[in-house]
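We did not get these values from a lab; they are worked out from the coordinates using the rules stated. No experiment lies behind these values; they were computed from the predicted model shown. Every residue, glycine as well, gets a Cβ built from its backbone with ideal geometry; the counts of neighbours run over all protein chains shown.
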Amino acid sequence: MFNFDLQRFSLGTYDPKKVIVLFGGVEITGFAEDSMIKVKPMSEGSTSIVGAHGDVVRTISPDNRHEVTLSLLQSSASNDVLAVIYQRDKSVGDGVLPLVIKDLSGRMTFVDSQAWIVSNPEVNRTNDAADGGQEWIIHTAGGILFPGGHE
């Protein structure tokens with residue numbers, strides 16, 4: 001007979017409907033099918049160099065900026081919200097807003113109190129609605145990213 005230890009296998013569940021994004025207190029909705037949200041550091045956390053004798057010096061970067069990409073369907077009402085925030089920021093300069101991204105089906109969290117939209121997205125319209133989404137690029141002044149796993 002086979003003796004299986006069922007306790008050593010774990011199952012995590014990811015539910016994309018439970019990933020929330022709040023920008024300036026407004027919930028962003030209507031995400032694209034393939035890539036919804038990307039959060040990436042804008043610099044390496046540390047770098048190192050090696051000397052002629054093999055000595056290594058490591059430098060920890062103080063740069064905690066992040067680039068966040070939100071991929072929305074072309075039909076998403078959040079495109080309108082982000083467009084207004086961006087245009088107002090360009091004209092008045094008050095578009096630096098808090099950003100919160102939280103996966104409620106897991107432990108991934110990103111927060112920063114200072115985030116802004118870099119530019120209008122590239123607009124693409126074809127005969128297929130799936131090809132016509134908008135990618136909004138947001139930069140942050142710092143931010144805390146906890147990649148976390150799933151429940």
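Mind listing the phi-derived Karplus ³J(HN,Hα) values for region 67-81, rounded to whole Hz, using 6.51, -1.76 and 1.60 with θ = phi - 60°, and x for any glycine or proline?
Computed from phi, the couplings for region 67-81 are 10, 10, 10, 10, 9, 10, 5, 5, 8, 5, 5, 5, 4, 5, 4 Hz.
For the pair residue 46/residue 146, report the inter-label distance in nm, with labels modelled 7 Å from Cα in the Cβ direction.
The modelled label-to-label distance comes out at 2.1 nm.
What number comes out for the charge environment of residue 19, summing +1 per Lys or Arg and -1 per Asp or Glu over other residues with Cβ under 15 Å away?
Numbers: positive: 17, 18, 38, 102, 107; negative: 15, 27, 33, 34, 103, 151.
Counting the neighbours of residue 19, the net charge comes to -1.
Return the long-range amide H neighbours of residue 29 (sequence gap of 5 or more, or a different chain), with a cut-off of under 5 Å between placed amide H atoms.
Counting only residues 5 or more places away or on other chains, the set is 78.
Only sites in a loop by DSSP and with at most 11 other Cβ atoms within 10 Å count here; which trypsin sites (Lys or Arg not before Pro) in region 44-136 make the cut?
On the way: sites: 58, 65, 88, 90, 102, 107, 125; in loops: 65, 107, 125.
When the trypsin sites (Lys or Arg not before Pro) of region 44-136 are filtered for loop state and at most 11 Cβ neighbours within 10 Å, 125 remain.
What nm value, rounded to one decimal, do you get for the distance between residue 96 and residue 27 when each label is placed 7 Å out toward the C-beta?
So the label points at residue 96 and residue 27 sit 2.9 nm apart.
Can you tell me which of 93, 24, 106 moves the most in a GNM of the chain? Springs connect C-alpha atoms under 10 Å apart.
Per the Cα network of the chain with a 10 Å cutoff, 93 tops the list.
To the nearest 500 deg cm²/dmol, what mean residue ellipticity at 222 nm is calculated for the chain from DSSP H runs of n ≥ 4 alone, each contributing -39,500 (n - 2.57), summed and divided by the residues?
Counting only the DSSP helices, I get -3500 deg cm²/dmol.
Using θ = phi - 60° and the Karplus form 6.51 cos²θ - 1.76 cosθ + 1.60, what ³J(HN,Hα) does each residue of region 139-146 get, whole Hz, x for Gly and Pro?
9, 10, 6, x, x, 10, 10, 10
Charges at C-beta only: +1 for Lys and Arg, -1 for Asp and Glu. How large is the resulting dipole of the chain about its Cα centre, in Debye rounded to 20?
On the way: 12 positive and 19 negative charges, 58 e Å.
Using only the charged Cβ atoms, the result is roughly 280 debye.
List the pair-distance distribution P(r) of the chain, using every Cα-Cα distance, as the percent of pairs falling in each 10 Å bin from 0 up to the bin containing the longest distance, rounded to whole percents.
The distribution over the chain is 10, 32, 28, 16, 10, 4, 0, 0, given as percents.
Output ³J(HN,Hα) for region 48-59: one whole-Hz value per residue in order, computed from phi by the Karplus curve 6.51 cos²θ - 1.76 cosθ + 1.60 with θ = phi - 60°, and x for Gly and Pro.
After applying 6.51 cos²θ - 1.76 cosθ + 1.60, I find 8, 10, 10, x, 4, 9, x, 5, 10, 10, 10, 10 Hz.
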